[in-house]
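Each reported figure results from applying straightforward, stated rules to the coordinates on display, with no laboratory input. Since the structure is predicted, the reported quantities are computational estimates derived from the model, not experimental observations. Virtual Cβ from ideal backbone geometry, glycine too; neighbours counted across all protein chains shown.
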Amino acid sequence: MNSLYCFLGKLCLYISYLILYLLFCAGEPANGQNAYILKGRIVSADNQERLVGASILLKGSNNGTSSDKNGLFSLSVPGDRAALVLSFIGYRSVDTMISFPLHQELTIALSPDAAALDETIIIGYGTTTKKLNTGNVGRINAQEIARQPVGNPLAALAGRIPGLVITPFSGLPGSNYTVAIRGQNSISNGNEPFYIVDGVPYVSNSMSQVNGTSGQQSPFSSINPSDIESIEVLKDADATAIYGSRGSNGVILITTKKGKEGKTRAELTVYKGIGHVTRTMELMSTDQYLAMRREAFANDGILPSITNAPDLLSWDPKQYTDWKKLLIGNAAQIEDVQLALSGGTQSTQLRLSGGFHRETTVFPGSLGSKRGSMQLSVGHRSSDNKFQANFTANYSASSSDMIPADITGSIYSAPNTPVNSNDGSGPLAGILTLRQSFQNLTHSLVSNLSMFYHLNANLSLKVSGGYTKIDLGETAIYPGNSYAVARPSGNSAFGQNNFQSWLAEPQLLYTKKLGNGKLDGLLGASWQQDLSDRTIMNASGYSSEMLLGTPSGASVLTVSANNTQYRYQAAFARLNYNYDGRYIVNLTGRRDGSSRFGPGRKFATFGAVGAAWLFSEETFVSRALPFLSFGKIRASYGVTGNDKIGDYQYLDTYAGAQYPYQGVSGLLPTRLFNADYGWETNYKLEWAMDLGFVHDRIRLSVSQFTNRSSNQLLSYVLPVQTGFPGITRNLPAAVKNKGWEFELQTVNIQKKNLRWNTAVNLSVARNELTKFDGLENSSYASRYQIGEPLNIKKLYHYLGVNPQTGTYSFDLEQGQNVVRDMSPTFYGGFSSDLHYKRLELNLFFQFSKRVAPTYLYSLTATPGLRGYNQPVALLDRWQQPADQTDIQRFTTGAAEPATAYGTYYRNSDAAYLPVSFLRLKNVSLSYDLIAARNEKTFIERCSIFLRCQNLFTLTNYQGNDPEVTNMSTLPPLRTLTAGLQFTF
Amino acid sequence: MKHLIYLKSCGIYLAFLLLSACSDFVQVDAPKNELIKGNAFSDDQSALAGISGIYSSMSNQVSSLSGSLHVVTGLYADELNFTSSEDYYNQFFAGRILAANASVQKCWTDLYQTIYFTNAFLEGLAGSEGVSETQLKQLTAEAKLIRAFCYYYLVTLWGDVPLIHTTDYQINQIFPRSDQQKVYEAITTDLIEAASGLAADYPSLERARPNKYAAMALLSRVYLQQKNWALAEAQASEILSSSLYGLSEAGKVFLKESNETIWQLKPVSANRNTQLGYLLLPGTAASLAPVFPLSASLSASFEPGDLRKSLWTASKTVSTNTYAYAAKYKIRVGDSPLNEYLIVFRLAEQILIRAEARARQGKIQLAVQDLNMIRKRAGLSALDGAQQQVVLDQLVHQRQNELFCEWGDRWFTLLRQQQTESVLGPLKAGGWKKTSDLWPLPLSEINANPKLTQNEGY
């Protein structure tokens, strides 16, 4: 790692030289004409209040000033025309051209930012604005990301975009997320969105091969959230059809920060904080545990013996270890430092940043992960504006020093288990896990270069290319003494996953005024290749435990290697016609070819049509409804595809057996084979209305979508009597996702010193399996039901604890016929942004309701079983005939109660209950110590801030965490951080 | 004018780009680490790789065939106790297996996956033109023996099971359970063909791939299980008449050079001799008890002076408890040196099979002669002539002491003798029912195949 940081340091130095060169040598020479003194006033557009501290900058220069306490400014301007850029926090920036001499006092009105209808939105192969967009695109910007002390940019999205559900796997650093845009389209896997970072496709699935503590590592933990300018979430057909076969599950565009024209600014942000586990259940004390065990033996009519009850007969009955405190009760440390330099002239802009992020865990010891990252973005345009080039490179190195498994499940160890016991069976395995280690190191480079040339007034040529390389190395070490039954020597696993991808996309852009409107056209082609090279080595037979970290010390080494090549090509086109700013039609089409399909099945065509009517621009509307400041109706319909299956699935192949037999390398069939499968198609229909009232101080968006996926392409689950547990094939099945999304943004107070904005979003959706020919006779008969969502559980109906026998009872005659929908009923978020003078307070609440497994489901051990401590809540159990309770009698594992719990209860409607929660996901409080440039210091702005995640949660869930409803997984932490930000 | 030229050249360029977007680009090479099926068995060498892959998968420590199958059948019968706490093992010990039991599913999966491998291999061989006639005959016979071997375990553990002889998943995924009798017929057919396709000479060193006597050894076992005494006797006699085999001295039976071995699987996994040895032997630390110690009834069943007790079992005292454990295989971990292979068939079993077949046919004297071969090797005195029932009881007893913890022999013996309820009923905490004679079909299989029915009692 040290050499890496040294390398990063050197690179920073070189890049600083480059910046200096560009700033001082590459600027345009000033001409020597007469200078005017420009005087003016800046006010707020909605109430004419003067704005103090607004920035006025002469475009293309470092020449600028700010407004005084009366909103007045004066600026010396060379020449008789001046292009000004006016900006103020919370307001939309204005570009304006002034000609001298002025005939009246200059007053410039800035509109509040909340109504940022003209804000640029990134879409596939282009940009648009909220106002003119015909599709549905959700967005979060850099400020919203910056307020959240998170290590992974995906975490920053949770609850903020309607239609997007992000669920963490656990609260450990680096852990992966499940991301779904508008529900589950595909029955099997392949429901992840398509991710694009700066125009280049990024991996959507974890690259982990050797599982660490956090399970699969999120590929996005390599991306520094502080380098992100915006994340756009493309949802409907209009927005996603340009991505053709890969747009079915929606698209997430991550755009990194670029240099901006203007004076050079340096920004330093530092924060530090701690994280704790929030909600856990109270567990039994030693006395309670031992009483439970004795009661279990009495219930089962068995006498405890030294073999079946060492906890009762040989362990110290006075011993009490708070395993929860010992194993997950520590404070996680979080540190983050970001330094960014940006600026530029009209012709060349540049941004350079470096960041460091470190998180430790709540486990004992100094486990944790860290990431160093660097970003460089350079933009250049020729003086005649005909040629433009942009280059962005994001590089990061992340490493973690963890253990191979989450030990949260071990907090349910019997409280009198001897701490140094080698009996690592059952829940105590976590103690042994702490003797193991898991390390990984990821290097990630995402780079993109695009060149743009205006051939003439109407036509431009653009070529963009990207290169991504991600290398992940993993090492898991299992010393001999970390096994439940100690081994004379340990073993290790080494994983290396090298991924690289290149992309080339030439495009032709056409724009022309046509009649009363404007026509924009795009024609492009795309070539992409992904190469992936994976190796796993399992090493054992070490002569010394000291050598476990290297494969070279092992006498037995088994290697499995795996290469895949994925190639993809496409031609795409878009035609957009905007008539008079009132009627907009947008047509997109794409023809795709993918190497993941067999001969004759490689190509397919996708497309969409989108249209919008800005009815507030019609005079009859603005006359009839003067309070309506903005009104748009839009609709889109189109087809996209899904090729998220593995590579080579259409080939009937044999691969090498894991070990040779008698020196002969064996061959075994790799999979069941089906060469004749094609694309899964997804038809998306959406209509929506966007409204703005009272100068856009109230904005409402309502959209309704219906997505239908057919020709389901998936790994079809088979009984293993066929030889394999599944096969890839198209299924005669159709899935519908239908839902509503609402967004309401209001500017509640807009005063000089006080501004208060709120926003709320709500999504209500339902998933439905609409068609499945021959479902009854398929291997899916017991999992799905036509007319019900895909994500259902078919369950026994629970009848309560039998008061006579004390065991759970069920309606077994009806079988598993109670259907519970596991997808969210509704979800959304609420945010409040309050500015008072120099103080800013942002709150974000996330809420959701869904059916989830209860704590009793995920504890998995029948209460009373040896070695497993249980929550105190279970003390309300059945003890004697006629007891009325919902907890069955304790048992040591006797047939009847064990079956009742293990086979039936966990598959009954009692184990799956509605869970709703309201979580204060994020609080950010900041205060500007210095708000404007001070002559004495060179600091332009200095603020101090507190940022917290998961501050509190209101929920009806009895277990640990209502979002990660698994009792053996570390729940998301409550983190409190404090920091400082300087702008120079 | 200039713009026009730009436009044209640009248009031509783009048209070129788009036209060159022919399907060649998305044609990728085959993966480097895999072979396309058509090339898989193109010659003798690759066909040999095919059969080796199957043996390797059976011998892999993750396969239940190499270890856990022996253990769970031992737990389910009265051979083994259990000192750990995993519920899926405990269910066998307590005699109350649930349909969701992971070990049941694992055994089923491993057996059916091996069957798929053999079916695919047989189809590949049949369609291959490059494999020589002799190799084709040899490998076809080996694959049929393996397939029959897997079906033998399926049919004895679960009763009626789907009898699958193709690789077509469309047919196989809704294939119902076939009648036991049909499965036994298919096993017998496969074994007769295997025995005729295999030579007496072993195809490879160390008896790690089967010869014709291996096929006959399974055939005699199958006939015995079906109570086809005369045929069982004939098969066993033919093996016993071969000069290849002889009883080893008791201390050397489980070494790889044993002259008694008819077929053994060479261990392949890292850090192991046999996986069975790994499971049954205790760790070296003083605090570690064997996870699966011998049951009291098995320990007590040895007659005084039985060498098998002193040589094939051992004991270890942990705190105040003394645990007896099976120690046929002596090496728990490590793969160098490799001294112990997992013995699939050995001569002693054939002697006991013939003895039982003879006794059932009333050939008491001959049966006692066979029995005495086993008793003599175990250091016990010879029996004199006796009643048929006495001989049969002695046979059950000798099987228990001779073949304990080997491939579920005790469990299959109790089944064949219809003694499961009388022997196991009093021992099982979970209670014993007549329906416990068959294991439940794995729940995941019942869920995945609507044509499968569950065994009674589950």
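Observations on the structure shown:
- Overall Cα dimensions of segment B:288-371, principal axis frame, Å, largest first: 50, 33, 20
- With Rh defined as the Kirkwood radius, the inverse of the mean 1/r over Cα pairs, the Rg/Rh of segment B:63-154 is 1.16.
- Trypsin sites (Lys or Arg not before Pro) within segment A:876-942: DSSP coil, no more than 13 neighbouring Cβ in 10 Å: A:LYS936
- Gyration tensor verdict on segment A:186-265 (Cα atoms; rounded if a/c is under 1.5, prolate if a/b is larger than b/c, oblate otherwise): oblate
- Applying 1/(1 + (r/R0)^6) with r as the Cβ-Cβ distance of B:GLN180 and B:SER242 and R0 = 22 angstrom yields a FRET efficiency of 0.10.
- Segment A:655-772 - Rg (one decimal) and Dmax (whole number), Cα, Å: 26.0, 84
- Lys, Arg +1 and Asp, Glu -1 on Cβ, resulting dipole of the protein assembly as shown about Cα centre, debye, nearest 20: 3180 debye
- What the Kirkwood sum gives for chain A is a hydrodynamic radius of 31.2 Å, with every pair of different alpha carbons counted.
- Taking Cβ atoms as reference points and 12 Å as the exclusive limit, the residues near A:TYR478 contribute a net charge of +1, counting Lys and Arg as +1 and Asp and Glu as -1.
- Averaging the sequence gap over all C-alpha pairs within less than 8 Å and six or more residues apart, then dividing by the number of residues, gives chain A a relative contact order of 11 percent.
- Taking other C-beta atoms within 10 Å as the exposure proxy, A:ASP227, A:ASP833 rank A:ASP833, A:ASP227 from fewest upward.
- Order of A:ILE407, A:ILE633 under a 10 Å beta carbon neighbour criterion, fewest first: A:ILE633, A:ILE407
- Remark: chain B is approximated by an ellipsoid whose semi-axes, taken from the C-alpha gyration tensor as √(5λ), come to 47, 26, 23 Å, largest first.
- Rg [Å, one decimal], Dmax [Å, integer] - segment A:750-882, C-alpha atoms: 23.7, 72
- Between segment A:664-707 and segment B:152-205, the alpha-carbon centres lie 46 Å apart.
- For segment A:591-609 versus segment A:426-468, the gap between their alpha-carbon centres in whole angstrom: 25 Å
- Peptide B:262-268 is shielded by partner chain Cβ atoms: per residue, an average of 2 of them sit within 10 Å of its Cβ.
- Value of relative contact order over chain B, rounded to a whole percent, pairs C-alpha under 8 Å and six or more apart: 19 percent
- Globularity index of segment B:110-172, i.e. its alpha-carbon radius of gyration over 2.2 N^0.38 Å: 1.20
- Sum of side-chain charges, B:ASN447 neighbourhood, beta-carbon under 13 Å (Lys, Arg +1; Asp, Glu -1): +3
- Quarter of the Cα convex hull surface for segment A:387-527, i.e. its orientation-mean projected area (nm²): 14.4 nm²
- Across q = 0.10, 0.17, 0.25 Å⁻¹, segment A:857-937 modelled as identical point scatterers on its alpha-carbon atoms has Debye log10 I(q)/I(0) values of -0.43, -0.81, -1.32, in the order of the q list.
- Computed over the Cα atoms of segment A:441-483, pair by distinct pair, the Kirkwood hydrodynamic radius stands at 14.7 angstrom.
- Look at A:MET207, A:MET97 and count the other Cβ atoms within 10 Å of each Cβ; fewest to most, that gives A:MET97, A:MET207.
- Three principal axis extents of segment A:580-693 based on alpha-carbon atoms, in descending order, are 89, 28, 17 Å.
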